[in-house]
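Taking it in order: structure first as C-alpha cells, then the write-up.
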Amino acid sequence: MTTFATHLECARCAMFYELDTIQQTCARDGGPLLVRYDLRRVHDALAPEALRARAPSLWRYRELLPVGRDEHVVSLGESMTPLLAAARLGRALAMPRLQVKDEGLLPTATFKARGAAVGVSRAKELGVTTLALPTAGNAGAAWAAYGARAGIRVVVVMPETTPQVIQRETAAYGADVWLVPGSIADAGAVVRKACAEHGWYDASTLKEPYRVEGKKTMGFEVAEQLGWTLPDVIVYPTGGGVGLIGMWKAFAELREVGWLAAGATTRFVAAQAAGCAPIVRAFEEGADESVPWPDPVTFAAGIRVPKALGDFLVLRALRESGGAAVAVSDDDIAAHMRLAGEREGMLVCPEGAAALAAAARLRREGWIRDGERVVVFNTGSGLKYAESLQGGAPRPLAPGSLPS
Ligand SMILES: *Cc1c(COP(=O)(O)O)cnc(C)c1O
Ligand SMILES: [Zn+2]
C-alpha cells in the first residue's frame, strides 16, 4: 500500500513545496502548507468497497494519507471511533437524529491522537530527532506518546493552568514539559524561539503540514460510517480549528475522488467558549481573519486558543458550507457535560460538551431544523478533566444503614 500524495501547497498563495524534505510554513507568506494528492489516480486505483476488507483504523485511508512507507507508520492502535446514536440525549435537546462521534476511545483519550499518529510518522520518515510544540494540553500528551513510540525527543510547552491530569500524562510519556503563564499563544512564542535557537522541528498547529492530515480522517470516518453520505450539520469544538479544516479538506477530497453520494453536503458549526471566541466574533463581523482574544478564560482547555494560524481556513469552511459559529458559557458547558453523562452514559470532555451546548442552542433558535441529521464531536474523554466532572456528590453511608 502506498500514498498518492504528490506535493505540498501553501493555503495562502498556492506555492509548491516538495514532500521529501522537512517543510514548516510557506517561505513567502508564512501560510500553512497543505498536502495535495493525485485524486484522479485514487479514483482509478481504489473503490470505496475495497476499504471494507481493511482493518478498522485510520490507516485504512492510506492512499489519502502522506506517509510513504509502511515501516514509518507509528501506531498505538488508532481504531475507528463509534458514531453513536444518542436518542435519549437527542430527545432532551429536540434533535431525535442526534449522533455523537466519540473520540474519547483513541490512544491518549482524545482525537489529538489522529494528528499525532500521522504527524509523528511523517516526522520519523523525514529523520526528525527532536520536536517541540506548544499545547493547550491534549496535543502535547498525544505527541509525547507517539514521540516515545517513535524514539523522537518531544519538548512540550503548556499553560500552567492546563488540567493536572494532562500535565502529568504528558510527563509520563517521557516528554520534557515546561509550564508558562498565559495561554497557548504564550507557549507558542517560546516554542518558536526555541526551535529557531536549537534547530528543532516545530510541530505547532499548522506549522507542519501533517497533523491536519491525521485529523481529516474524522471526516473520512463520518462519511464512511454514514454510507458515503454526510450529516446535515457537523458541530465541532473549535480551538486551532485543525479538525474542522481537516474534515472540510476530507470532504473536498472525497467529492473529487467520487466516493461521496451526489449532492452530499454538510453545514459546519464551530463551537467556542464565550470566554475565548475569536472565530465566533470574526464570523459575526464578516471578517476573513480573527483578532487575538485578549484574555482567554474557559475550563474547556482544548478550545482556549486566542488566535488560530488557520482561522482564515476555518472561516472559509464555515461560510462556504453555509455554517455557523456559536459561543457558549462555561455554565452551559458544565450543564451539557452532566446531561451527556446522565442521559447517555457518555463522559464527554468540556470541549465536546461545548459542541453539544452549541447544537442545543442552534436547535432552540431554529437554525437546526426539525429532523435534521446532526453529528456532534466529543473530542475526548471526560476522564482527562477529572477536576471538572459533574454529578451528585457521593455520600458517606453510616455503618448499619442502607442506601435509600
Ligand atoms: C485540541 C482540542 C480541541 C480543538 O481542536 P482543534 O481541531 O485544534 O480546533 C477540541 N477538543 C479537545 C478535547 C482538544 O484537545
Ligand atoms: Zn504562501
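We did not get these values from a lab; they are worked out from the coordinates using the rules stated. Keep in mind the model is a prediction, meaning the values are calculated, not measured. Cβ: placed from backbone, ideal geometry, glycine included. Neighbour counts: every protein chain shown.
Once the Cα gyration tensor of the stretch 131-220 is diagonalised, what are the square roots of 5 times its eigenvalues, in whole Å and ordered largest first, as equivalent ellipsoid semi-axes?
Working: eigenvalues 67, 49, 39 Å².
Square roots of five times the eigenvalues give 18, 16, 14 Å.
Under 22 Å from the Cα of Lys384, which lysines turn up, not counting those fewer than eight places away in the same chain?
Lys101, Lys112, Lys215
Can I get the semi-axes of the stretch 269-341's equivalent ellipsoid? Compute them from the C-alpha gyration tensor as square roots of 5 times the eigenvalues, in angstrom, largest first.
Values: eigenvalues 95, 42, 17 Å².
Semi-axes (√(5λ), whole Å): 22, 15, 9.
Show me, for the stretch 139-150, the HN-Hα J-couplings you get by feeding each phi into the Karplus relation (A = 6.51, B = -1.76, C = 1.60, θ = phi - 60°), rounded to Hz, glycine and proline as x.
Once rounded to whole Hz, the list reads 5, x, 4, 5, 5, 5, 5, 5, x, 4, 5, 8.
Quick one: compute a quarter of the convex hull surface over the Cα atoms of the stretch 225-295 and quote it in nm².
Numbers: hull surface 22.4 nm².
Averaged projected hull area, Cα only: 5.6 nm².
Which three extents, in whole angstrom, do the alpha-carbon atoms of the chain cover along their principal axes, largest first?
Largest first, the chain extends 68, 49, 46 Å along its Cα principal axes.
Would you work out the Kirkwood radius for the stretch 166-294? I mean one over the mean of 1/r across all pairs of different Cα atoms, in Å.
Values: mean 1/r = 0.0581 Å⁻¹.
By the Kirkwood definition, the hydrodynamic radius is 17.2 Å.
So for the chain, averaging the separation of alpha carbon pairs under 8 Å that are six or more residues apart and normalising by length, what relative contact order in percent results?
Values: 874 pairs, mean separation 68.0, N = 404.
For the chain, the relative contact order is 17 percent.
Longest span of the chain, sites excluded, free of trypsin sites (Lys or Arg not before Pro) in DSSP loop with at most 14 other C-beta atoms within 10 Å? If you can, show how the numbers build up before the last one.
Numbers: sites that count: Arg28, Arg54, Arg69, Arg369.
Here the longest run is 70-368.
Through the Karplus equation 6.51 cos²θ - 1.76 cosθ + 1.60, θ set to phi - 60°, convert the phi angles of the stretch 217-224 into ³J(HN,Hα) values in whole Hz; use x for Gly and Pro.
5, 4, x, 4, 5, 4, 4, 5
Please report the antiparallel percentage of DSSP beta bridges with both residues in the chain, rounded to the nearest 5. Kindly include the intermediate steps, with their values, before the conclusion.
Details: 15 of 45 bridges.
Rounded to the nearest five, the antiparallel share is 35 percent.
Give the order of Glu342, Glu387 when sorted by the count of other beta carbons within 10 angstrom, beginning with the fewest.
The most exposed by this proxy come first: Glu387, Glu342.
Could you list which residues have their amide H under 5 Å from that of Cys276, counting only those 5 or more apart in sequence or on another chain, with H placed in the peptide plane?
Amide H neighbours of Cys276: Val297.
Along the positive direction of the dipole of the stretch 274-401 (beta-carbon charges: Lys, Arg +1; Asp, Glu -1; about the Cα centre), which of Met346, Ala334, Ser388 reaches farthest?
Value computed over the given set: Met346.
So if I place +1 on the C-beta of Lys and Arg and -1 on the C-beta of Asp and Glu, and nothing else carries charge, what would the dipole magnitude of the chain be about its Cα centre? I want it in debye, nearest 20. Walk me through the numbers before you get to the answer.
Values: 44 positive and 44 negative charges, 121 e Å.
In total the dipole reaches around 580 debye.
So what J values fall out for the stretch 118-133 if you push phi through Karplus, 6.51 cos²θ - 1.76 cosθ + 1.60 with θ = phi - 60°, rounded to Hz, Gly and Pro as x?
Once rounded to whole Hz, the list reads 6, x, 6, 4, 5, 4, 5, 4, 8, x, 5, 10, 9, 10, 9, 8.
Report, in deg cm²/dmol and to the nearest 500, the calculated mean residue ellipticity at 222 nm for the chain, where each DSSP H run with n ≥ 4 adds -39500 (n - 2.57) and the sum is divided by the residue count.
Working: 13 runs with 142 residues, N = 404.
One gets -10500 deg cm²/dmol as the mean residue ellipticity at 222 nm.
Fewest to most neighbouring Cβ within 10 Å: what's the order for Glu320, Glu197? Don't jump to the answer; show the numbers that get you there.
Working: Glu320 12, Glu197 8.
In increasing order of surrounding Cβ atoms, one gets Glu197, Glu320.
Based on alpha-carbon centroids, what's the gap between the stretch 37-73 and the stretch 185-204 in Å, whole number please?
Result: 32 Å between the Cα centres.
In nm, what is the difference between 0.36 nm times the number of residues separating Asp295 and Ala386 and their Cα-Cα distance? Mind showing how you got there, number by number?
Details: separation 91, 0.36 × 91 = 32.76 nm, distance 2.45 nm.
My answer for the length gained is 30.3 nm.
Select from Leu98, Thr162, Leu58 the residue farthest towards the positive end of the dipole of the chain; place +1 on Cβ of Lys and Arg, -1 on Cβ of Asp and Glu, and compute about the Cα centre.
Looking along the dipole axis, the top candidate is Leu98.
Residues with amide H under 5 Å of Tyr37's amide H, sequence separation 5 or more or different chain, H placed in the peptide plane at 1.01 Å from N; which?
HN-HN under 5 Å from Tyr37: Thr6.
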